[in-house]
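Only one structure is covered here, and it is reproduced in the block below.
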Amino acid sequence: MKLIFLTSPYRAYGDRSVEDNVEEAEFLCSVLVMWGYNVFAPHLFYTRFLDDKVDDQRKRGIEAGMDMMGRCEEVWAFGRN
């Protein structure tokens with residue numbers, strides 16, 4: 001199984017809430033798994049136990065995510081217009 005690093009918006013922006021962004025990322029992950037990929041989405045994983053609103057915890061989560069990105073075979077980035 002190819003390991004995909006998935007990145008997409010997490011923080012609220014415009015008319016999109018954090019909850020909206022998490023729901024979209026979860027949907028994207030489910031699609032990738034159903035297509036036969038293994039997927040890692042750091043913003044879904046690290047925010048389960050690190051607080052994105054606490055600067056030091058956000059920084060550590062980003063550092064850990066960047067380390068994991070280097071271990072993945074591809075990066076798939078999703079955003080909005």
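The values are calculated or read from the model by the stated rules, or taken from the named source; none is laboratory data. Just so it is clear, the structure is predicted and the values come from calculations on it, not from any experiment. Because the Cβ atoms are built from the backbone with ideal geometry, glycine has one as well, and the counts that use them run over all protein chains shown. Calculation scope for accessible area: heavy atoms of the full protein, side chains included, ligands and nucleic acids excluded. Shrake-Rupley method; radii C 1.70, N 1.55, O 1.52, S 1.80 Å.
Residue-wise, which Karplus ³J(HN,Hα) couplings in Hz belong to the range 24-39, taking 6.51 cos²θ - 1.76 cosθ + 1.60, θ = phi - 60°, and x for glycine or proline?
After applying 6.51 cos²θ - 1.76 cosθ + 1.60, I find 5, 5, 4, 4, 4, 4, 5, 5, 4, 5, 5, 7, x, 9, 9, 10 Hz.
For the chain, compute Rh as the Kirkwood radius over C-alpha pairs and then the Stokes-Einstein diffusion coefficient at 4 °C and 1.567 mPa s; write the answer in µm²/s, rounded to an integer.
Roughly 99 µm²/s, to the nearest whole number.
How would Glu74, Glu26 line up by accessible area, probe 1.4 Å, largest first?
Numbers: Glu74 60, Glu26 105 Å².
Largest accessible area first, the list is Glu26, Glu74.
Need the full-extension length gain, Phe45 to Asp67, defined as separation in residues times 0.36 nm minus the C-alpha distance. One decimal, nm. Numbers along the way, then the final one.
Values: separation 22, 0.36 × 22 = 7.92 nm, distance 1.38 nm.
Result for the pair: 6.5 nm of gain on full extension.
Along the positive direction of the dipole of the chain (beta-carbon charges: Lys, Arg +1; Asp, Glu -1; about the Cα centre), which of Ala64, Ser17, Met34 reaches farthest?
Positive-end residue among those listed: Ala64.
If we sort 3-12, 56-65 on the protection proxy, mean other Cβ atoms within 10 Å, highest first, what's the order?
3-12, 56-65
Give me the dipole magnitude in Debye, nearest 20, for the chain about the Cα centre, with unit charges on the beta carbon: positive for Lys and Arg, negative for Asp and Glu. Don't skip to the end; give the middle numbers.
Values: 10 positive and 14 negative charges, 32 e Å.
Charge dipole of the chain: 160 debye, to the nearest 20.
Carbon and sulfur atoms: what percent of the 1.4 Å accessible area of the chain do they account for? Before the final figure, lay out each step's value.
Details: 3070 of 5770 Å².
Carbon and sulfur together cover 53 percent of it.
Per DSSP H run of at least 4 residues, take -39500 (n - 2.57); add these up for the chain, divide by its residues and hand me the 222 nm value, nearest 500 deg cm²/dmol.
Calculated from helices alone, the mean residue ellipticity at 222 nm is -14000 deg cm²/dmol.
Report the local net charge at Asp51: Lys and Arg +1, Asp and Glu -1, summed over other residues whose C-beta lies under 14 Å from its C-beta.
Charge balance near Asp51 sits at +3.
Given a cut-off of under 8 Å on Cα pairs at least six residues apart, what relative contact order in percent is computed for the chain?
47 percent
Determine the per residue accessible area of the chain with all protein chains present and a 1.4 angstrom probe, expressed in square angstrom.
Solvent-accessible surface per residue comes out at 71 Å².
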